Every structure is written in structure tokens, then in C-alpha cells.
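Notes for the one structure printed next.
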Amino acid sequence: RKSVVRITTGSQALDELLGGGIETLCITEAFGEFRSGKTQLAHTLCVSTQLPIHMHGGNGKVAYIDTEGTFRPERIVPIAERFGMDANAVLDNIIYARAYTYEHQYNLLLGLAAKMAEEPFRLLIVDSVIALFRVDFSGRGELAERQQKLAQMLSRLTKIAEEFNVAVYITNQVIADPGGGMFISDPKKPAGGHVLAHAATIRLMLRKGKGEQRVCKIFDAPNLPEGEHVFQVTSGGIMD
Ligand code: GTP
Ligand code: MG
């Protein structure tokens with residue numbers, strides 16, 4: 001039986017919101033407008049996952065699937081330094097792959113699973129999980145097929161999380177909510193419909209605040225406390 005590992009986000013406020021950090025054995029999703037900090041959180045997790053357990057890390061390697069070409073290895077350096085880690089060693093433990101189509105994205109997951117069977121991984125990032133689906137199935141009549149393929153991808157992610165005791169962190173985009181009427185101040189919702197809503201155990205809604213400030217809310221979890229948690233995006237990564 002595998003026991004859950006919680007990996008720090010770099011922000012105590014965010015960690016508290018999550019009950020200690022990003023959890024292994026399940027999928028955590030972050031969605032929000034551009035520059036809301038989804039990718040910066042991914043970069044911070046790349047480092048914090050490699051911290052020892054007693055420092056709220058996962059003592060494991062990281063797999064990073066990048067569909068938008070926004071991973072920046074040079075951003076890892078100051079984040080590693082902030083945590084007192086050797087940047088080159090940290091970079092060596094991040095297995096990076098750029099995906100160009102949804103099929104490519106799926107095949108990369110199959111290859112990673114084989115790697116995870118041999119080496120101790122603790123985090124799998126897919127940034128963004130849905131971007132390629134929205135490109136590859138852009139036609140009106142393709143939505144049903146897109147959702148079916150997306151469900152397949154997400155079930156693969158869940159399987160990896162459970163089989164290798166890995167935390168899966170995925171980012172998602174927001175779309176205009178056609179149901180949003182004149183009384184709804186921010187008519188945006190996460191893409192991916194009920195398929196994504198069902199697969200993600202924890203859904204984080206991020207938005208911009210003043211300057212480096214960002215605001216995080218747990219989305220659509222009636223049994224969790226309401227409230228917004230503020231964190232900062234800095235050169236050392238996510239912090240309070
Ligand atoms: P999209 O992928 O475009 O949807 O956005 P995102 O939510 O992934 O945004 P991302 O995580 O890339 O956040 C970008 C924000 O982080 C921008 O406001 C940048 O200014 C900020 N940022 C990136 N690097 C640094 C840095 O080294 N120092 C500081 N202070 N901010 C940074
Ligand atoms: Mg991004």
C-alpha cells in the first residue's frame with residue numbers, strides 16, 4: 001500500500017489550502033488566465049519535489065511534458081538556490097519533453113511510465129494538458145471525439161499517479177462561459193468540461209493580483225473551506 005506524499009508549493013498559505021502541498025496518487029489542476037502563475041508553480045514544483053521529505057519535498061525526480069514551449073531551465077537556477085540546492089543536480093533530475101500533438105503527448109506518457117518503473121519519480125507535470133487537444137480538434141463537430149481522447153489521456157495520468165505514487169500537476173486554460181450572463185462579473189470557466197472536472201481531484205483557480213501577487217482559490221469543492229489565498233511569483237519561485 002502506497003502512502004501519500006505532499007510536496008510543498010513554496011508558499012505556506014497555498015500548502016495549507018492543499019492540506020500540506022500537492023499530493024501524490026492524484027491529479028492537481030491549476031487553471032487561470034495568462035500570467036496567473038500556472039507555469040511558475042510548475043517550475044517551483046520541479047525543485048521542491050527534489051527536496052528531502054523532512055523539508056516538505058518528495059525526494060524524487062520530475063517529469064515535465066511541455067505543450068506550449070514555456071519551460072525555462074534558467075528559471076530553475078534561482079529557484080534551486082532559494083531552496084539551498086545545487087542547480088545542476090536539480091536540472092539533471094528533471095526529465096523534459098516537448099509535445100507537438102495530442103498523440104505525441106500520449107505517447108510520451110507511455111515512455112515516461114517505463115522510466116518511472118526504473119527510477120524514483122515523484123512528480124509529473126503536463127503544462128498545458130489541453131492546449132494540443134484544442135488545436136488538434138478545433139472543428140465544431142470534433143468535440144465528442146476530443147473529449148473521448150482527453151478522457152483517455154487523463155485516465156492514463158491517474159494510472160501513473162497511482163502506480164508510481166507520483167503527484168500529477170496539470171495546467172488548464174480558461175474559456176468564456178457561454179452561460180455567463182450580465183450578472184456574472186467574471187464569465188470564465190476551465191476548459192475540458194466534465195471530463196476534466198471528473199479527473200482532477202483538486203482544482204486550483206488562479207488569478208492575478210497587484211504586482212507579483214497572485215490569488216488562489218479551490219474551485220468547486222463544496223466541502224472545503226471558502227476563501228482566497230494570496231501568494232507571490234518571484235525570481236525564487238512561488239512564495240508567501
Ligand atoms: P499562460 O501559460 O500564459 O496561461 O500563463 P501562466 O499562468 O502559466 O503564467 P506564468 O506562470 O508563466 O506566470 C508568468 C508571470 O510570472 C509573469 O507575470 C511574469 O512576470 C512572472 N515571472 C516569471 N519569471 C519571473 C521572475 O523571474 N521573477 C518575477 N518576479 N516574476 C516572474
Ligand atoms: Mg503557462
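Of all residues in segment 205-238, those satisfying the criterion of being out of contact with any helix residue (DSSP H, G or I) (no Cβ under 8 Å at 6 or more places or on another chain) and part of a strand (DSSP E or B) are 205, 207, 208, 213, 214, 215, 217, 232, 234.
Return yes or no: is residue 71 surrounded by 20 or more Cβ atoms within 10 Å (Cβ to Cβ), within 13 Å of ligand 2 (Cβ to nearest atom) and outside any helix (DSSP H, G or I)? Explain how you work it out, then say what you get.
On the way: surrounded by 20 or more Cβ atoms within 10 Å (Cβ to Cβ): yes; within 13 Å of ligand 2 (Cβ to nearest atom): yes; outside any helix (DSSP H, G or I): yes.
Criteria met by residue 71.
Consider residue 53 carefully, then state whether it is of a type in the set (Val, Ile, Thr) and surrounded by 16 or more Cβ atoms within 10 Å (Cβ to Cβ). No: the conditions fail for residue 53. When segment 27-38 is filtered for residues that are touching a helix residue (DSSP H, G or I) at 6+ places or on another chain (Cβ under 9 Å) and within 12 Å of ligand 1 (Cβ to nearest atom), the ones remaining, listed by number, are 30, 31, 32.
Let's see how each residue does on (1) of a type in the set (Asp, Glu); (2) loosely packed, with under 14 Cβ neighbours inside 10 Å; (3) modelled with pLDDT of 95 or more:
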residue: 122; (1), (2), (3): no, no, yes
residue: 128; (1), (2), (3): no, no, yes
residue: 145; (1), (2), (3): yes, yes, yes
residue: 149; (1), (2), (3): no, no, yes
residue: 153; (1), (2), (3): no, no, yes
residue: 164; (1), (2), (3): no, no, yes
residue: 177; (1), (2), (3): yes, yes, no
residue: 180; (1), (2), (3): no, yes, no
residue: 183; (1), (2), (3): no, yes, no
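Filtering segment 191-240 to residues that are without any contact (Cβ under 8 Å) to a residue 40 or more places away in the chain and in contact with a strand residue (DSSP E or B) (Cβ under 7 Å, 6 or more places away or on another chain) leaves 209, 212, 213, 215, 217, 220, 224, 228.
Residue-by-condition table, conditions (1) over 22 Å from residue 214 (Cβ atoms); (2) within 10 Å of ligand 2 (Cβ to nearest atom); (3) not in a strand (DSSP E or B):
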position	(1), (2), (3)
16	no, no, yes
30	no, yes, no
35	no, yes, yes
42	no, yes, yes
54	yes, no, yes
64	no, no, no
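Only one of the numbered conditions (1) within 29 Å of residue 211 (Cα to Cα); (2) away from ligand 1 (no atom under 16 Å from the Cβ); (3) of a type outside the set (D, E, K, R) is not met by residue 24, and that is (1). Inspection of segment 65-82 finds a residue satisfying the criterion of being closer than 19 Å to residue 22 by Cβ and more than 18 Å from the chain's Cα centre (by Cα).
Within segment 194-229, the set of residues being within 16 Å of ligand 1 (Cβ to nearest atom) and over 21 Å from residue 172 (Cβ atoms) comprises 210, 211, 212, 213.
The values are calculated or read from the model by the stated rules, or taken from the named source; none is laboratory data. Just so it is clear, the structure is predicted and the values come from calculations on it, not from any experiment. Note that we place each Cβ from the backbone using ideal geometry, even for glycine, and neighbour counts take in every protein chain shown.
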